[in-house]
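Note sheet for the following structure.
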Amino acid sequence: MSRVSKSLKNAKVGAFFFVASIFVQFFTRKIFLDALGDEFIGLTSTLRSILGFLNLAELGIGTAIGYALYKPIFDKNQDEINRIIALLGILYKRIGLFILGAGVLVALFFPYFFEDTQFSIGLIYFVFFSFLSSTLLTYFVNYHMTLLEADQKGYVVQVYFQTLNIVRLFIQAAIAYYLQDFYLWIFMEVVFSIFLSIVLRYKIKQHYPWLIIKANEKADIIKRYPDVIKKTKQLFIHKMGSFVKDGTDNILVYALVSLESVAFFGNYQLIFMKLIGLIKITFSGIGAGVGNLVAENNKSQINKVFWEMMGLQFFIGGFFSLAIYYLISPFIMLWIGDKYILDDMIIYLMIGNFFISVIRSPVQYFQNAYGLFSDVWAPFTEIILNLVVSIIFGKLYGIAGIMLGTFSSLAVIVLLWKPYFVYKRGFEKSIWEYWKGFLLLSVVLIVSSTLIHFIASNYLTVNVSSFLGWSFSAVKISALIIIIYGSLLYLFSVGFRNICLRFKALIFSKIGMK
């Protein structure tokens, strides 16, 4: 299969499960909030964020191993792949033991951190260690999944992960609605994580019968791959930056606002996370495809693909950002009630953070493919800027101030520094080539947004009387965005036009048309 064909297969699987899971997520979230309460949902979100901090111990090894796998996969070197996966197993088992120890240590402080909550410390410990057990399966059992991702077969993982996740949510919804049992609700997390591990281990062996599942390699193998260890040390710092950006919001909202506000914020966060999850799943094979492209070292093709990806991500980010602007608050009102609607400024900042997170991916893919992780000062700057701005303005403006911290760090590091770094060290080209293309895409988005806002404000209204009325409004607004923004982008962006023509040719070839 070609890179584009594999990417399309990942996209089809991702899109299908997004449609299925989004209904289940929103349906069950309403039941969880009503039956278990805002504070319990806020508690689980906060504990997941604390666990995310412990997962920093992963050090970015998965990404570094994925980088190391691109070439042997391209060369079909099975012996080398086995050695690299064996290396991953050794490293992940050490990390798993460290996370277990760190989790026990952090849990000792829970009586002080959660002293003002209504829940018993026994329940808090049960929730945390259940989540921790599920996480540890990744390090001790499921680490072979990295090979599927690097080989553009992420759809294999998604099919079983998403299916089991949907089943779990329905069972948890029944438990919440009929029993209101916190312990049984959490226990389902562990049960389904174990079952998923068993299924994925079987699928790995099915796709790679030559893969040695339990390698006999000793710890000395680490010395054979000094570049992987070097990249891992650099990636750890980058992971810290990503965690502060994505993982501390719930903790800061709890510390600076309230535990109940974590649930309010979490409702909006769920929507943005589902959209980002859809985009990541849809393009899950792209990273490996870019890795293979860089391995081929065709400079003109690399430049062409980069701008195709930039055009496509600008369209996706712009489309969802504009749609969210018009539709998210009416949806929240219909879904769980108007008491959960957040201030407009919070929503604007969340949309800005979402947009930057989407359009950053082409630069990030090529940074990973080139193994450019030496800019360790950048995540430190991102962390300091994010936390300082979040704490100062969070105390003044609550959730909006915390979102401003995230936006500030993204603007400085992701929009300004990262493109410069990739162009200088990877593409070895002038950064002005990037800024000319970026400016063109930005102008198209601004002009499109102005036209769309004028038409939507004067001729369209969002129906909030029912979900059916809201759905019709969503279709009309989406069509308006696609027609205006898609047309202007196709007209002025060569990269977006090329990727559209590429997808058109591929689809026609699939159905036998010329």
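A few points about this structure:
- PHE508 open to solvent by 70 Å² or more (accessible area, probe 1.4 Å), out of contact with any helix residue (DSSP H, G or I) (no Cβ under 8 Å at 6 or more places or on another chain) and free of Cβ contacts under 8 Å to residues at least 24 places away in the same chain: no
- PHE355 falls short on exactly one of the conditions (1) outside any helix (DSSP H, G or I); (2) without any contact (Cβ under 8 Å) to a residue 40 or more places away in the chain, and that condition is (1).
- Odd one out for LYS280 among (1) crowded, with 20+ Cβ neighbours inside 10 Å; (2) at pLDDT 70 or above; (3) in contact with a Gly (Cβ under 9 Å, 6 or more places away or on another chain): (1)
- Flag if PHE192 is over 22 Å from the mean Cα position of the chain (by Cα), in a helix (DSSP H, G or I) and among the aromatic types (Phe, Trp, Tyr): no
- Residue satisfying condition, being touching a residue at least 12 places away in the same chain (Cβ under 8 Å), under 30 Å from ILE31 (Cα atoms), out of contact with any Lys or Arg (no Cβ under 7 Å at 6 or more places or on another chain) and among the charged types (D, E, K, R), within set ARG168, ARG224, ARG201: ARG168
- Of all residues in segment 295-318, those that are of a type outside the set (Gly, Ala, Ser) and surrounded by 20 or more Cβ atoms within 10 Å (Cβ to Cβ) total 10.
- The residue that is nearest to LEU259 (Cα to Cα), counting only those in segment 77-132 that are of a type in the set (S, T, N, Q) and part of a helix (DSSP H, G or I), is SER130.
- Residue within segment 90-111 that is open to solvent by 20 Å² or more (accessible area, probe 1.4 Å) and of a type in the set (Phe, Trp, Tyr) present: yes
- Any hit, segment 380-401, residues being under 23 Å from the mean Cα position of the chain (by Cα) and not in a helix (DSSP H, G or I): no
- Pair list, Cβ under 6 Å, 6 or more apart: segment 428-451 residue open to solvent by 60 Å² or more (accessible area, probe 1.4 Å), other residue at pLDDT below 95 and not in a helix (DSSP H, G or I): none
- Filtered residues of segment 463-501 (kept if under 29 Å from the mean Cα position of the chain (by Cα), within 13 Å of GLY311 (Cα to Cα), touching a residue at least 24 places away in the same chain (Cβ under 8 Å) and surrounded by fewer than 16 Cβ atoms within 10 Å (Cβ to Cβ)): VAL494, ARG497
- Qualifying residue in segment 249-260 (condition: part of a helix (DSSP H, G or I), buried (at least 22 other Cβ atoms within 10 Å of the Cβ) and among the polar types (S, T, N, Q)): yes
- Qualifying residue in segment 415-424 (condition: within 26 Å of the chain's Cα centre (by Cα), open to solvent by less than 70 Å² (accessible area, probe 1.4 Å) and within 20 Å of TYR348 (Cβ to Cβ)): yes
- Taking the conditions (1) part of a helix (DSSP H, G or I); (2) open to solvent by less than 30 Å² (accessible area, probe 1.4 Å) in turn, ARG168 satisfies each one other than (2).
The values are calculated or read from the model by the stated rules, or taken from the named source; none is laboratory data. Just so you know, these numbers come straight off a predicted model, no measurement behind them. Here the Cβ is made from the backbone with ideal geometry for all residues, glycine too, and neighbour counts use every protein chain on show. Areas reflect the complete protein model, heavy atoms only, side chains present, ligands, DNA and RNA absent. Shrake-Rupley method; radii C 1.70, N 1.55, O 1.52, S 1.80 Å.
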